[in-house]
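A short worksheet on the structure shown next.
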Amino acid sequence: MPISQTSSVLIIGAGTWGTSTALHLARRGYKNVTVLDAYPIPSAISAGNDVNKVIFSGQYSTQKDEIEVNEMLGQEAFSGWCNDPLFKPYYHDTGLVMAACTKPGLERLAVRIRPDSNANLVELTKPEEFRNLAPRGVLRGDFTGWKGFHARSGEGWANARDALVAAAREAERLGVRFVTGTQGKVDALIFEKNDVKGAITADGRTWRADQTILCAGANAGKFLDFKQQLRPTAWTIAHIALSPEERALYKNIPVIFNIEKGFFFEPDPEGEIKICDEHPGYTNMVEFPDGPRSVPFEKTQVPKESETRIRALLRETMPQLADRPFSFARICWCADTANREFLIDRHPEHPSLVLGCGASGRGAGFKYLPSIGSLVVDAMEDKVPEKIHRLIKWNPGIAANRNWKDTLGRFGGPNRVMDFHEVKDWTNVKYRDISKL
Ligand code: FAD
Ligand code: FSA
């Protein structure tokens, strides 16, 4: 049956990409769209349910065609943050510093940042140039060996959780139905005659649909054999609370991102600074009859070794905060493809199934919230331009015999993909429920 605006469309996952997809379907006039999510919005396990995310347009590849497509997709997303009245209030153009210290780190930095293409960049080579990025001794660390670039504007951060909730509310206003909790928790896809005809939820209900779009982030592999194309991989987040006086002092600092150590932002509206230690990620490898796979699990703590790395980053940059207790900590899962491209395509063997997956690609996928849904709907409408489709299509060939330990161009920590089975000690930070509207 040809797709029309009255076709029933079922989206699995109301995280970053599922919400964006719902919004773009509604904006294109689709009238029968349902989104299922296992958690109330914003989902406690969505990678996008976070106080802030980096909005950064840099590169991740050296291939000409990938650079071109990356620029195109990046511009679409950035235009959404700057011009779409829905998203504009959540973007903060604070500028961003991207830095590294070692030779391989600096070589990677040269891939990620191309000064020739951005007149807005200032090179930073000395510690005092980093310290001078914020007023009043906020960045009073040694910055030993740091080199990098400061984009004074055109990069920054977004208030992620609020932007996600705003997008969901707008989709709902335009007629999309969101079903969450047990009623929205998908147990399985409905496979019929080599096709996918919807999903079955934990309450036993059958949701049949003309088109099913899988946007379940790191959990997508629970429902479909991705033939090693997705690797659930986790990163680590912690917060430190500032006093009311300190909040004013730290306000408006640029995002500081050392690609070998981690990154942090100006305080969130609650007066907390979020810090992530950068590393090639953690897997949770489990043996299955057809081989090992990484399986996501939830935890609002981080490994002690991550705490040590976060404190080391603070000691180099803002030593005055390095020994403060964490007010929040969490592991956060993404899905990495074998080449860090997105995986957005109609499934070749299940014609009514569309995949909106692989969001750890191209740097990482939150920054595409305003626009990625448009590409997913293009995939459903079979009109993704060939030069993009070539890069983001279902392509198990490139994942065959996948090296699950591939760092995919990431640095930090021990410079290797870690596994949670190796972690002995975790932090013991007070629990906070992040699943609230
Ligand atoms: P998610 O947002 O995780 O959504 C998946 C959804 O599926 C969830 O809502 C979940 O509840 C739902 N789901 C799961 N199982 C089921 C089920 N059984 N039934 C129904 N629903 C289900 N990107 C940036 O651009 N900038 C950054 O600064 C940045 N920082 C990051 C920091 C960390 C620590 C991490 C982990 C990621 C970061 N990212 C960043 C990446 C970005 O957050 C992700 O790429 C993006 O949010 C992924 O979107 P998604 O929709 O694929 O997955
Ligand atoms: O380039 C970016 O926009 C950084 S996204 C933040 C991050 O934590 C990565 O640094 C990490 O490597 C992973 O992709 C999850 O997202």
Karplus-derived 3J(HN,Hα), 6.51/-1.76/1.60, for each residue of the range 399-408, Hz, glycine and proline x: 9, 4, 6, 4, 7, 5, 9, 4, 7, 6
Proximal charge balance of Leu174 [Cβ under 15 Å; K/R count +1, D/E count -1]: +3
Global form of the chain, assessed from the alpha-carbon gyration tensor, a/c cut-off 1.5: prolate
Residues Asn252 and Asn403, FRET efficiency given R0 of 41 Å [Cβ-Cβ distance, rounded to 0.05]: 0.45
Within the accessible area of the range 273-416 (1.4 Å probe), percent carbon and sulfur: 54 percent
Protein-only accessible surface order, largest first, of Glu287, Glu107, Glu341, Glu129 at 1.4 Å: Glu287, Glu107, Glu129, Glu341
Residue-by-residue Karplus 3J(HN,Hα) for the range 225-235, coefficients 6.51, -1.76, 1.60, Hz, glycine and proline x: 7, 7, 6, 6, 6, 10, 10, x, 9, 10, 10
Test item: Cα-centred dipole of the range 352-437, Lys/Arg +1 and Asp/Glu -1 on Cβ, debye: 260 debye
Antiparallel %, DSSP beta bridges [both residues in the chain], to 5: 70 percent
Hz values of 3J(HN,Hα) by residue in the range 286-302 - Karplus curve (6.51, -1.76, 1.60), Gly and Pro given as x: 10, 7, 10, x, 8, x, x, 8, 7, 10, x, 9, 9, 7, 9, 8, 10
Within the accessible area of the range 48-138 (1.4 Å probe), percent carbon and sulfur: 52 percent
Inter-centroid distance (Cα atoms) of the range 394-417 relative to the range 42-88, Å: 22 Å
Solvent exposure of the range 262-367 as accessible area per residue, Å², 1.4 Å probe: 30 Å²
Residue order for Thr182, Thr317 - accessible surface, 1.4 angstrom probe, largest first: Thr182, Thr317
Added length on full extension, which subtracts the Cα-Cα distance from 0.36 nm per residue, Glu381 to Lys227: 53.0 nm
Ranking by accessible area, most exposed first, for Glu270, Glu316 with a 1.4 Å probe: Glu270, Glu316
Amide proton proximity set for Val196, modelled H, under 5 Å, gap of 5+: Ser352, Leu353
Dipole magnitude of the chain about its Cα centre (Cβ charges: Lys, Arg +1; Asp, Glu -1), debye to nearest 20: 240 debye
For Val122, distant residues with modelled amide H under 5 Å away: His150, Ala151, Arg152
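The values are calculated or read from the model by the stated rules, or taken from the named source; none is laboratory data. If you're wondering where the values come from, they're calculated on a predicted model, not measured in any experiment. Neighbour counts are summed over all protein chains in view; Cβ atoms, including those assigned to glycine, are modelled from backbone coordinates with ideal geometry. These accessible areas exclude ligands, DNA and RNA; they are computed on the full protein's heavy atoms, side chains included. Shrake-Rupley method; radii C 1.70, N 1.55, O 1.52, S 1.80 Å.
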